[in-house]
Amino acid sequence: MAATLHDVALLAKVSIKTVSNVVNGYPYIKDSTKTRVLEAIAALGYQPNLTARGLRLGRTGVIGLAVPELRLSYFAELADAVIRAADRHGIGVQIEQTNGDRDRELALITSARRQLTDGLIFSPLGLGNEDAALLAVGYPLVLLGERIFDAPADHVTMRNVEAAAAATRRLLAAGRTRIAVIGAHEGEVYGSAALRIRGYRDALQEAGLPVDAALIRHSDMWHRANGATTVRGLLETGVPFDAVFGLNDTLALGAIRALQAAGVRVPEDVSVVGFDNLDESEYSHPSLSTIDAGRDEIADTAVRLLLERIAETGPKAPTRRVEADFRLVERESIGPDRNAHHPHNRQDQPA
């Protein structure tokens, strides 16, 4: 005979209502209680009737995740983190790719397909802060990224300015004073590029160094090929530089390849640092120093906030903005910190 809610409750020594709350992903349950219930469910092989539960609650048990481009490793790893976070709550994830196209993003948030999910985690690229009012949608929505800051929705983002400043300071500590930054976007006010360049500028000014416009290099797409092309172009100009700050890891990895092909040693001649801490950054040669901007924390928080909104009844709580923590991950590409007595003890420094 199949196990029932009552059987699980008896084994876990909790009420049937508590078992139901765990099964339905109710967020306000003590971790110890949730663990007992989940262990009892596993021991008994209990299978909730998801179809009946969905009909009763008016829910599908699936959330949406919309990202610009899965070909960019960051978004692929973010999607993986969201799927794992949702799975811990017994929730499925439907992934959609917008290619950062404004029309596709508008179609996405207004599509009837949204009825197939209980809510949406949305990372826009085509829409901007002037479009914030368009995100006043009739379903639970959590916003990611740095394109829109005034939307009527919960928002999980990074500490871009502070993290970029930390990366630049570390390059300065390695004795680098001509730091090129690659990945700038022409005329951008809101967005990851603008915020990270602000942090770069802050760190240089703090150190009493001028900001040389010739060292700020533009690249529309943040792919490896663009990082390599941008650095090759910088080498051809003859503008001196002794470090490269890639505004994401893929740009930085492309930069390392272009430098090595030109006979420039990393980090002996030029230090390189990236941003995102992609899995592959640990295995480049040399391994890439980078900013871990809290991807797993962003995924966990976004899923939690969305599920809280899905479970919400009555008046809606005020919107929330959460900034994930960051840390500098020091590897081979950056060179030793001249200010540290024990450089080997400075790995994975927290923010």
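Computed over the stretch 175-296, the quotient of the alpha carbon radius of gyration and 2.2 N^0.38 Å is 0.97. A simple rule links phi to the HN-Hα coupling: the Karplus curve 6.51 cos²θ - 1.76 cosθ + 1.60 with θ = phi - 60°, which for the stretch 276-281 gives 2, 6, 5, 4, 5, 5 Hz, with x for Gly and Pro.
Charging the Cβ of each Asp and Glu at -1 and of each Lys and Arg at +1, and nothing else, the dipole of the chain about its Cα centre rounds to 880 debye.
Accessible surface computed residue by residue for the chain, with neighbouring protein chains in place and a 1.4 Å probe, gives 47 Å² per residue.
Take the Cβ atoms of Gln260 and Arg321, set R0 to 35 Å, and the FRET efficiency comes out at 0.30. Of the solvent-accessible surface of the chain, computed with a 1.4 Å probe over protein heavy atoms with every protein chain present, carbon and sulfur atoms account for 52 percent.
Which one, Val82, Val270, Thr168, is farthest towards the positive end of the dipole of the chain when Lys and Arg carry +1 and Asp and Glu -1 on their Cβ? Of the options given, the answer is Val82. Using θ = phi - 60° in the Karplus curve 6.51 cos²θ - 1.76 cosθ + 1.60, the 3J(HN,Hα) couplings for the stretch 162-172 round to 5, 5, 5, 4, 5, 5, 5, 4, 5, 5, 4 Hz; x is entered for Gly and Pro. Of Glu332, Glu105, Glu308, the residue with the largest accessible area leads and the full order is Glu332, Glu308, Glu105 (1.4 Å probe). Treating the beta-carbon of each Lys and Arg as +1 and of each Asp and Glu as -1, no other charges, what is the dipole magnitude of the stretch 105-261 about its Cα centre, to the nearest 20 debye? My answer is approximately 560 debye.
Free of any chymotrypsin sites (Phe, Trp or Tyr not before Pro) that DSSP assigns to a loop and that have at most 11 other C-beta atoms within 10 Å, the longest stretch within the chain is 29-282. So what does log10 I(q)/I(0) come out to for the chain at q = 0.11 Å⁻¹, using the Debye formula with one equal point on every Cα and no solvent? Taking Cα atoms of the chain as identical point scatterers yields -0.79.
The residue among Val62, Gly100, Ala40 whose Cα reaches farthest toward the positive pole of the charge dipole of the chain, with charges on the beta-carbon of Lys, Arg, Asp and Glu, is Ala40.
For the chain, the share of DSSP beta bridges that are antiparallel, to the nearest 5, is 15%.
For the stretch 3-19, putting each phi into the Karplus relation 6.51 cos²θ - 1.76 cosθ + 1.60 with θ = phi - 60° gives couplings of 5, 10, 4, 4, 4, 5, 4, 5, 5, 7, 6, 9, 7, 4, 4, 5, 4 Hz, in residue order, rounded to whole numbers and with x for Gly and Pro. Against the longest alpha carbon principal axis of the chain, how many degrees, from 0 to 90 and to the nearest 10, is the axis of helix 295-311 turned? On a 0 to 90 degree scale, this one is about 30. When only the Cβ of Lys, Arg, Asp and Glu is charged (+1, +1, -1, -1), the dipole of the stretch 88-186 relative to its Cα centre reaches about 600 debye.
The values are calculated or read from the model by the stated rules, or taken from the named source; none is laboratory data. Please read all numbers here as calculations on a predicted model, not as lab measurements. Note: ideal-geometry Cβ built from the backbone for every residue, glycine included; neighbour counts use all protein chains shown. Protein only, heavy atoms only, side chains kept; ligands, DNA and RNA dropped before computing areas. Shrake-Rupley method; radii C 1.70, N 1.55, O 1.52, S 1.80 Å.
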